[in-house]
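Trainee: Attaching a single structure in structure tokens format; questions to follow.
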Amino acid sequence: MGIPHLRKHLEPFAQRGPIQPSTLVIDGPALAYHILNLCRIKTIKNSPFEQPTYELLGRTTLEWLDKIRACGLTISRIFFDGYLPTSKLDERTKRLMKTSKDLQNFHRKYANGVTQGRSGWNSNRNVSLFPEAQPSHSGASPPPPAFLVPSIIDALRYSEHYALQTKVVPGEADVFCAEYVREHSGTVLTSDSDLLVHNLGSNGSVVFFSDIESNPAGTELTGLQFKSADICERLSLQPEDGLSCLAFELVMDPHISLEQAVSKAKNKYSVAAYPGAHKEFTEQYLSPETGSQVTVEASVVLDPRISEIVHRCRDKKPAMYLPFLLDSPTRTSAWESSKDIRQLAYAILQTVTGSPIPTVAEFRRLDQPSAGTPVKVPPIAEVEMDAAVLEDVLSSIIKDVKNSKAVWMTLSVYQDVTMTTSQGKVQPLSLKLLQQAVDGKLDITSWESVHFLAQCQATYYSLRMLQQMMQHAATQGKGLSPTLIELQHCLAKLPSLPDFPTIFNFPEMLQLIIDKKGLSCLTKICADQDDMVPQLEAIMQPKKQQKSNKRKNSQEPEARPRSNNPFALLDAEC
């Protein structure tokens, strides 16, 4: 995650020129954030309406890699983290707290609503792949797109040229990048100065994304190449551990000069003075922790954070780091309304481990150091019942709503209604916004809209977690029960990440619930929640009146043939 000032100190010893050798290994998370920065260069950084779409991020990633290949370079591997070691817990907590604080500052500055984008702004525009400058931004801004990394992984996995090279590994990506280059030689593309500390072998090198330039004709790429063996020779450091000792000196005292750090590294000053700290420092490079206890079949596709909880499911206290959503800090986390879906997902992991998982610590927003939000996991004996309940709700929605986009939005409203009832509150946020949409008073810049949108995104992603964990469980032991197979069939039409609800299409997605019988379906599945049915009927009333007027001047449409397959109905009217 970066050594203080190491890159700056070593830049005079790097060589600028055509990137050689032509074999590249790419640090996947660094690639994702590099693409995000490219897509945000000309945007208003404080407006979520000018955040790049997942479609744009995926397309730009493929275009950038295609350009790399067109310049004669070979992409051998693209590694993504599928597990982060326990030693990173403190740093992850600090980062999450910082992101949470940034969200609070953003909310405080724009308390009356988020900033709209410019009129006519094209969120799916073309992006300059190798700009001359990447301007920095300071000030309150929304968090990065919550599903940035998995959306880019999906784009790579569905591509013709990069599917086989893309790997989500049971460890940190930089470790696997270094190991591959050490064994096969090549150049690592990254933004992480940690790669300079790894043993890259005699022919390994590092190039940082921000240093890559294209010639005017676009036929050659150059970069500042950090060749470990050459740098050690020029600094008279031992090739085996010279850069590691130098990096450790900078960790222990980030303010010393390069000359001082080199002198101390040669004498191994801090190595001798702080043997315990040095051992801990070097272990992350020489013998890094991996999630090797769990076997994930090659046919199973897991997002990085889902991969991590799968690998940690045998831990005494497994943790799930949920993607960070743009929601309202004054409200309960947007992840709360879909908690029961994730509880089922965690419970299914017990069928793989064969042992109980009492709780999972979820990390959402974090204001202070914490062990996470404990989420109780149902025992194995309740998995069938909980799966049957969710399958019944989903099947009812699919049968009544018949529009694939409206199905998942209707379920998101149901989750919000259920949460509101369980909390003893009166009006769900979702129904308040649906009423506003019917009345033509919906304000998409309001924090109420932003928050419920985040709840919808959380519901969709919780279903994706459930889907992927079932795929994993299906390859282990006895596989899935008939009930879980039925639920798996229901989830088969879950939208891909680019089709998740966004701030761009949120009004349209709410309107689908209104237009596609989502409200009448909700009155059925919420019939046992007495306070909610009158609210739903009140929202439906104007639409009923409009429909009755239309029927006076038109004939009833011809009925469609009935089908016992709810998915056939979905396909017929999508």
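The values are calculated or read from the model by the stated rules, or taken from the named source; none is laboratory data. The shown structure was predicted, so the numbers you read here are calculated from the model rather than taken from an experiment. Note that each Cβ is placed from the backbone with ideal geometry, even for glycine, and that neighbours are counted across all protein chains shown. Remember, those area values only see protein heavy atoms, side chains included, never the ligands or the DNA or RNA. Shrake-Rupley method; radii C 1.70, N 1.55, O 1.52, S 1.80 Å.
Trainee: From the list Val175, Val181, Val149, which one is under 30 Å from Arg108 (Cβ atoms) and of a type in the set (Val, Ile, Thr)? Outline the logic, then answer.
Mentor: Working: Val175 fails: under 30 Å from Arg108 (Cβ atoms); Val181 fails: under 30 Å from Arg108 (Cβ atoms).
Sole residue among the options that is under 30 Å from Arg108 (Cβ atoms) and of a type in the set (Val, Ile, Thr): Val149.
Trainee: Identify, from the list Ser214, Ser236, Ser205, Ser228, the residue that is farther than 20 Å from Ile3 by Cα, touching a strand residue (DSSP E or B) at 6+ places or on another chain (Cβ under 9 Å) and small (Gly, Ala, Ser). If you could, list the steps in order and put the result at the bottom.
Mentor: Details: Ser236 fails: touching a strand residue (DSSP E or B) at 6+ places or on another chain (Cβ under 9 Å); Ser205 fails: farther than 20 Å from Ile3 by Cα; Ser228 fails: farther than 20 Å from Ile3 by Cα.
Checking each option against the conditions leaves just Ser214.
Trainee: Quick check on Asp392: is it over 26 Å from the mean Cα position of the chain (by Cα) and at pLDDT 95 or above? Talk me through it step by step, then tell me what you get.
Mentor: Numbers: over 26 Å from the mean Cα position of the chain (by Cα): yes; at pLDDT 95 or above: yes.
Yes, satisfied.
Trainee: Restricting the search to segment 234-277, which residues are among the hydroxyl-bearing types (Ser, Thr, Tyr) and under 12 Å from Val197 (Cβ atoms)? Working first, answer last.
Mentor: First, the residues of segment 234-277 that are among the hydroxyl-bearing types (Ser, Thr, Tyr): 236, 244, 257, 263, 269-270, 274.
Once the filter is applied, which keeps residues that are among the hydroxyl-bearing types (Ser, Thr, Tyr) and under 12 Å from Val197 (Cβ atoms), segment 234-277 yields only Ser244.
Trainee: Tally time: how many residues in segment 134-182 are under 30 Å from Ala229 (Cα atoms) and aliphatic (A, V, I, L, M)?
Mentor: Of the residues in segment 134-182, 6 are under 30 Å from Ala229 (Cα atoms) and aliphatic (A, V, I, L, M).
Trainee: Still on this structure, please answer the following. Looking at Ser370 and the list (1) assigned to a loop (DSSP other than H, G, I, E, B); (2) out of contact with any Lys or Arg (no Cβ under 9 Å at 6 or more places or on another chain); (3) open to solvent by less than 40 Å² (accessible area, probe 1.4 Å), which single condition is not satisfied?
Mentor: (3)
Trainee: Given Leu36, Leu84, Leu62, which one is in contact with a Gly (Cβ under 9 Å, 6 or more places away or on another chain), aliphatic (A, V, I, L, M) and in contact (Cβ under 8 Å) with a residue 40 or more places away in the chain? Step through it out loud before you land on a result.
Mentor: Numbers: Leu36 fails: in contact with a Gly (Cβ under 9 Å, 6 or more places away or on another chain); Leu62 fails: in contact with a Gly (Cβ under 9 Å, 6 or more places away or on another chain).
Just a single option satisfies the conditions, and that option is Leu84.
Trainee: Taking the condition closer than 27 Å to Arg364 by Cα, open to solvent by less than 10 Å² (accessible area, probe 1.4 Å) and not β-branched (Val, Ile, Thr), does Leu429 pass? Can you show your working first?
Mentor: Working: closer than 27 Å to Arg364 by Cα: yes; open to solvent by less than 10 Å² (accessible area, probe 1.4 Å): no; not β-branched (Val, Ile, Thr): yes.
When the stated conditions are applied, Leu429 does not pass them.
Trainee: Only one of these is at pLDDT 95 or above and either more than 23 Å from Pro131 (Cβ to Cβ) or open to solvent by less than 20 Å² (accessible area, probe 1.4 Å) (or both): Leu89, Leu96. Name it.
Mentor: Of the residues listed, the single one that is at pLDDT 95 or above and either more than 23 Å from Pro131 (Cβ to Cβ) or open to solvent by less than 20 Å² (accessible area, probe 1.4 Å) (or both) is Leu96.
Trainee: Yes or no: Ser370 within 26 Å of Lys316 (Cβ to Cβ) and of a type in the set (Ser, Thr, Tyr)?
Mentor: On the way: within 26 Å of Lys316 (Cβ to Cβ): yes; of a type in the set (Ser, Thr, Tyr): yes.
Here the answer is yes, as Ser370 does meet what is asked.
Trainee: Can you tell me which residue in segment 202-212 is most open to solvent (accessible area, probe 1.4 Å), limited to those that are within 11 Å of Ile19 (Cβ to Cβ) and not hydrophobic (A, V, I, L, M, F, W, C)?
Mentor: My answer is Asp211.
Trainee: Among the helices (runs of 4 or more DSSP H) lying completely within segment 213-316, list those that include at least 2 residues that are over 24 Å from the mean Cα position of the chain (by Cα) and buried (at least 21 other Cβ atoms within 10 Å of the Cβ).
Mentor: Working: elements: 228-234, 242-252, 258-267, 269-273, 275-286, 304-311.
Per the criteria, 228-234, 242-252, 258-267, 269-273.
Trainee: Among helices (runs of 4 or more DSSP H) lying entirely in segment 472-574, which contain 1 or more residues that are in contact with a helix residue (DSSP H, G or I) (Cβ under 6 Å, 6 or more places away or on another chain) and either closer than 28 Å to Asp443 by Cα or at pLDDT below 90 (or both)?
Mentor: Values: elements: 482-490, 506-515, 518-525, 532-551, 566-573.
It comes to 506-515, 518-525, 532-551, 566-573.
Trainee: Next up: How many residues does segment 1-40 hold that are in a strand (DSSP E or B), of a type outside the set (D, E, K, R) and open to solvent by 30 Å² or more (accessible area, probe 1.4 Å)? Break it down into steps so the answer makes sense when it comes.
Mentor: Within segment 1-40, the first condition is being in a strand (DSSP E or B), and the residues that meet it are 15-18, 23-27.
Now restrict to residues that are of a type outside the set (D, E, K, R): 15, 17-18, 23-26.
Next, from what is left, pick out any that are open to solvent by 30 Å² or more (accessible area, probe 1.4 Å): 15, 18, 23.
Within segment 1-40, residues that are in a strand (DSSP E or B), of a type outside the set (D, E, K, R) and open to solvent by 30 Å² or more (accessible area, probe 1.4 Å) number 3.
Trainee: If I go through segment 63-86 residue by residue, how many of them are buried (at least 18 other Cβ atoms within 10 Å of the Cβ) and in contact with a Ser or Thr (Cβ under 7 Å, 6 or more places away or on another chain)?
Mentor: 4
Trainee: To continue, here is another question. Kindly check whether there is at least one residue in segment 381-388 that is open to solvent by 10 Å² or more (accessible area, probe 1.4 Å), closer than 19 Å to Phe500 by Cβ and touching a Leu at 6+ places or on another chain (Cβ under 8 Å). I'd like the intermediate steps shown before the answer.
Mentor: Let us first name the residues in segment 381-388 that are open to solvent by 10 Å² or more (accessible area, probe 1.4 Å), namely 381-382, 384-386, 388.
If we keep only those that are closer than 19 Å to Phe500 by Cβ as well, we get none.
No, segment 381-388 has no match at all.
Trainee: Here's another thing I want to ask about it. Since Val417 meets every condition but one in (1) in a helix (DSSP H, G or I); (2) open to solvent by 10 Å² or more (accessible area, probe 1.4 Å); (3) closer than 27 Å to Met532 by Cβ, which condition does it not meet?
Mentor: Val417 satisfies all of (1) in a helix (DSSP H, G or I); (2) open to solvent by 10 Å² or more (accessible area, probe 1.4 Å); (3) closer than 27 Å to Met532 by Cβ except (2).
Trainee: Continuing with this model, one more query. Please tell me if Leu466 is hydrophobic (A, V, I, L, M, F, W, C) and more than 19 Å from the chain's Cα centre (by Cα). Talk me through it step by step, then tell me what you get.
Mentor: Working: hydrophobic (A, V, I, L, M, F, W, C): yes; more than 19 Å from the chain's Cα centre (by Cα): no.
Considered against the rule, which asks whether it is hydrophobic (A, V, I, L, M, F, W, C) and more than 19 Å from the chain's Cα centre (by Cα), Leu466 comes out as no.
Trainee: Let me ask you something else. What's the number of the only condition in (1) closer than 24 Å to Ser100 by Cα; (2) open to solvent by 30 Å² or more (accessible area, probe 1.4 Å); (3) among the polar types (S, T, N, Q) that Asn199 fails to meet?
Mentor: Of the numbered conditions (1) closer than 24 Å to Ser100 by Cα; (2) open to solvent by 30 Å² or more (accessible area, probe 1.4 Å); (3) among the polar types (S, T, N, Q), the odd one out for Asn199 is (1).
Trainee: Turning to a different aspect of this structure: Taking Ser151 as the residue in question, decide whether it is open to solvent by less than 10 Å² (accessible area, probe 1.4 Å) and at pLDDT 95 or above. Spell out the reasoning first.
Mentor: Details: open to solvent by less than 10 Å² (accessible area, probe 1.4 Å): yes; at pLDDT 95 or above: yes.
Yes.
Trainee: Being more than 30 Å from the chain's Cα centre (by Cα) and on the phi > 0 side of the Ramachandran plot is the filter here; which residues of segment 479-536 pass it?
Mentor: Across segment 479-536, the qualifying residue is only Lys517.
Trainee: Among what's in segment 154-195 and is farther than 30 Å from His9 by Cβ and of a type in the set (S, T, N, Q), pick the residue that is most open to solvent (accessible area, probe 1.4 Å). Break it down stepwise before answering.
Mentor: First, the residues of segment 154-195 that are farther than 30 Å from His9 by Cβ: 154-168, 170.
Of the ones still in play, those that are also of a type in the set (S, T, N, Q) are 159, 165-166.
Numbers: Ser159: 19, Gln165: 40, Thr166: 12 Å².
Out of the qualifying residues, it is Gln165.
Trainee: When you go through Leu487, Leu411, Leu494 one by one, which is the residue that is open to solvent by less than 40 Å² (accessible area, probe 1.4 Å), touching a residue at least 12 places away in the same chain (Cβ under 8 Å), under 17 Å from Val393 (Cβ atoms) and in contact with a Phe, Trp or Tyr (Cβ under 8 Å, 6 or more places away or on another chain)? Working first, answer last.
Mentor: Working: Leu487 fails: in contact with a Phe, Trp or Tyr (Cβ under 8 Å, 6 or more places away or on another chain); Leu411 fails: in contact with a Phe, Trp or Tyr (Cβ under 8 Å, 6 or more places away or on another chain).
One residue alone meets the criteria, Leu494.
Trainee: Filter segment 345-362 down to residues that are within 20 Å of the chain's Cα centre (by Cα) and crowded, with 19+ Cβ neighbours inside 10 Å, then give me how many there are.
Mentor: In the first step, residues of segment 345-362 are kept if they are within 20 Å of the chain's Cα centre (by Cα); the result is 345-346, 360-362.
Those still in the list that are crowded, with 19+ Cβ neighbours inside 10 Å too: 345-346, 360, 362.
Adding up the residues that qualify gives 4.
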